[in-house]
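Notes to accompany the following structure.
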Amino acid sequence: MQETTLDKIKQISINLFNEKSYEGTSLKDIFNLIGISAPSFYYYYSSKKDLYIELIKDAEELHRKAFMEVLEKSKAKSSKQQLEALIKQYWVFKAENPDVANFLARNALFPPFEFREEIWAMLKEHYIKYHEFVQEIVKNGMETNEINQDVSEDYIVKMFFQMLIGSYINVSAPTKDSLDDKVNFSLQVLFDGIGA
């Protein structure tokens, strides 16, 4: 299938934004790399900000689909296995979509200053949905005594997401441990903490 101008704009732009940041990327950079004129760009987007916001929406939608697919495939499994599947999905997603995963991570930590509140609000909306799904898994695990009932659901869910963020740094750090070893260690820390 032939790549459309819109596809090229999105792919080149996400690469540039990852490499140079929103502020460091000009529309001229995008035009030159794709080989299009300003009117061709403005046919699709009214501004660089509009493009950027759409890239975030596209990235979140791609991540949401991957997340939901894992939830669906693992719903008959134990709570521990479901949590493990979600964590591993995160790393599969990062490996299969490095540009998108890095773009999402960058915007969670360092969004463009001029509209960071808008981006954080978008990302928070998605996080709340993920939080609800994970909370349901934890609740079910507590009901079946698979997860420690002496700790609150909310605490365990927060622990899950904090561990995920921490493991992102751990996995990205250059060490002698393999990716599998790092992910398995992160899982062990989580499961020791929640009594699973």
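The values are calculated or read from the model by the stated rules, or taken from the named source; none is laboratory data. Everything quoted here is computed from the prediction, not taken from an experiment. Methodologically, a virtual Cβ is constructed for each residue, glycine included, from the backbone with ideal geometry; neighbour enumeration extends over all protein chains shown.
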The one condition in (1) at pLDDT 85 or above; (2) β-branched (Val, Ile, Thr); (3) out of contact with any helix residue (DSSP H, G or I) (no Cβ under 9 Å at 6 or more places or on another chain) that Ile169 fails to fulfil: (1)
From Ser37, Ser21, which residue is outside the structural domain of Gln135 (by TED's automatic domain parsing) and either free of Cβ contacts under 8 Å to residues at least 12 places away in the same chain or aromatic (Phe, Trp, Tyr) (or both)? Ser37
Of a type outside the set (S, T, N, Q), within 24 Å of the chain's Cα centre (by Cα) and surrounded by fewer than 12 Cβ atoms within 10 Å (Cβ to Cβ): is that true of Glu23 in this structure? yes
For segment 36-57, enumerate the residues that are within 27 Å of Glu96 (Cα to Cα) and out of contact with any helix residue (DSSP H, G or I) (no Cβ under 7 Å at 6 or more places or on another chain). Asp50, Ile53, Glu54, Lys57
Taking segment 29-50 and keeping residues assigned to a loop (DSSP other than H, G, I, E, B), surrounded by fewer than 17 Cβ atoms within 10 Å (Cβ to Cβ) and at pLDDT 95 or above leaves Ser46, Ser47
Of all residues in segment 24-58, count the ones that are of a type in the set (A, V, I, L, M) and over 17 Å from Ile119 (Cβ atoms). 6
Per-region count, segment 1-23, residues part of a helix (DSSP H, G or I) and either more than 26 Å from Ile119 (Cα to Cα) or touching a Leu at 6+ places or on another chain (Cβ under 8 Å) (or both): 7
Return only the number of the condition from (1) assigned to a helix (DSSP H, G or I); (2) without any contact (Cβ under 8 Å) to a residue 60 or more places away in the chain that Ile53 does not satisfy. (2)
